[in-house]
Amino acid sequence: MARYIGVHAIDNGGIDMAVRRAAAAGSTAMQCFTTIPKFYGDKASIKPERVERFHKALGETNIRPEHVVVHAAYVLSVATNDPAKWERAAGGLAKEMERSTALGIGAVCFHPGSAGDGDRMAAAERVAKAITHALNSVPAGTRLLVENTAGAGNTVGRTAAEVAEILRHVPADLRPRTGYGLDTCHLFASGYDLRPSKQALAKVLDEFEEATGEAPGFFHLNDSEGDLGTNRDRHVLIGEGRIGAEPFQWLVQDPRAAGIPLILETPQESYDIADDDPSADPWDTRMVDLVRSFAK
């Protein structure tokens, strides 16, 4: 089955330009933001002409809408125990689902955020409540997927058990529209060692699949600047971090990597690109080529 490999491309000039830059890097999948990730985006809608430009750009590439992931804003901490902050974060997540559903893409991924008071079980219920609210706010289509975390502080979703606890509280009728994805740097930073062997990596994926009842809906492929279990979310180019290149080959060859977006969130050589420049970042091209070689 095919491997859909892509990048989170720079969106200077609009998300349609991000599509073109991802495609220029050789991508068959991609990730983007629909709004500024440092803000809630709870009031931001998406204009029809922006949707039209996005689909026109996709139509000129080998990237299909179902292999596009939108990353929700980083500030949407729906695990928080602060009622006012939860309301705004949940509203931002629902608004992200509205924008992404209008784009017709495959999935939105999000970081659950911090429990605040340290009660991780209660926090998992709050995350599920926000998922439920977001899914009820839009028609069926785009999925909403929890991303595992690096585990710093009281962040929720760092283990298979915590991801499963979140999903367990989503109503059964909405459950097919949600799920989870795995970031390799986050796995490593939270204590999952992917390096010993192909079997050891498969065992990590087995743990998440057994806990949640399903395979991941996407992977973020990132090497780690920090050591195992340090809870440091610092992405580096594949083969230049503490994980090393070989575990990524094992992952890409695992059957669970087939048919879903495999997104590189690795550093780029330059973030200062003209709005009308559709060219690929050289490091993105290098990483896509490397991961594609692993699939052979």
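The values are calculated or read from the model by the stated rules, or taken from the named source; none is laboratory data. On a predicted model such as this, the values are computed, not experimentally measured, just so you know. Heads up, the Cβs are rebuilt from the backbone with ideal geometry, glycines too, and the neighbour counts pull from every protein chain shown.
A few notes on this one:
- Subset tally (residues that are surrounded by fewer than 21 Cβ atoms within 10 Å (Cβ to Cβ) and closer than 12 Å to Leu103 by Cβ) for segment 17-34: 1
So that you can scan it fast, the table gives a plain yes or no per residue for (1) without any contact (Cβ under 8 Å) to a residue 40 or more places away in the chain; (2) of a type in the set (Phe, Trp, Tyr); (3) touching a Lys or Arg at 6+ places or on another chain (Cβ under 7 Å):
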{"residue": "Arg53", "(1), (2), (3)": "yes, no, no"}
{"residue": "Glu60", "(1), (2), (3)": "no, no, no"}
{"residue": "His67", "(1), (2), (3)": "no, no, no"}
{"residue": "Tyr74", "(1), (2), (3)": "yes, yes, yes"}
{"residue": "Ala102", "(1), (2), (3)": "no, no, no"}
{"residue": "Val108", "(1), (2), (3)": "yes, no, no"}
{"residue": "Ala115", "(1), (2), (3)": "no, no, no"}
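- Filtered residues of segment 76-99 (kept if farther than 15 Å from His111 by Cβ, assigned to a loop (DSSP other than H, G, I, E, B) and touching a residue at least 40 places away in the same chain (Cβ under 8 Å)): Asn81
- First in segment 184-196 and more than 15 Å from Val156 (Cβ to Cβ), second anywhere and β-branched (Val, Ile, Thr) and in a helix (DSSP H, G or I), Cβ under 6 Å, 6 or more apart: Tyr192/Val204
- Just one of the numbered conditions (1) part of a loop (DSSP other than H, G, I, E, B); (2) out of contact with any Asp or Glu (no Cβ under 8 Å at 6 or more places or on another chain); (3) among the basic types (Lys, Arg) is not true of Arg242: (2).
- Count of residues meeting criterion [of a type in the set (D, E, K, R), farther than 17 Å from Cys109 by Cα and assigned to a helix (DSSP H, G or I)] in segment 119-143: 2
- Filtered residue count, segment 61-75, keeping only those that are under 16 Å from the mean Cα position of the chain (by Cα), surrounded by 20 or more Cβ atoms within 10 Å (Cβ to Cβ) and not in a strand (DSSP E or B): 3
- Among the residues here, Ile10 qualifies as on the phi < 0 side of the Ramachandran plot and either within 16 Å of the chain's Cα centre (by Cα) or loosely packed, with under 15 Cβ neighbours inside 10 Å (or both).
- Residues of segment 233-259 satisfying the condition of being touching a residue at least 60 places away in the same chain (Cβ under 8 Å) and either within 15 Å of Met287 (Cβ to Cβ) or buried (at least 17 other Cβ atoms within 10 Å of the Cβ) (or both): Asp233, Pro247, Phe248, Leu251, Val252, Ala257
- Residue within segment 44-56 that is of a type in the set (S, T, N, Q), at pLDDT below 95 and farther than 24 Å from Gly153 by Cβ present: yes
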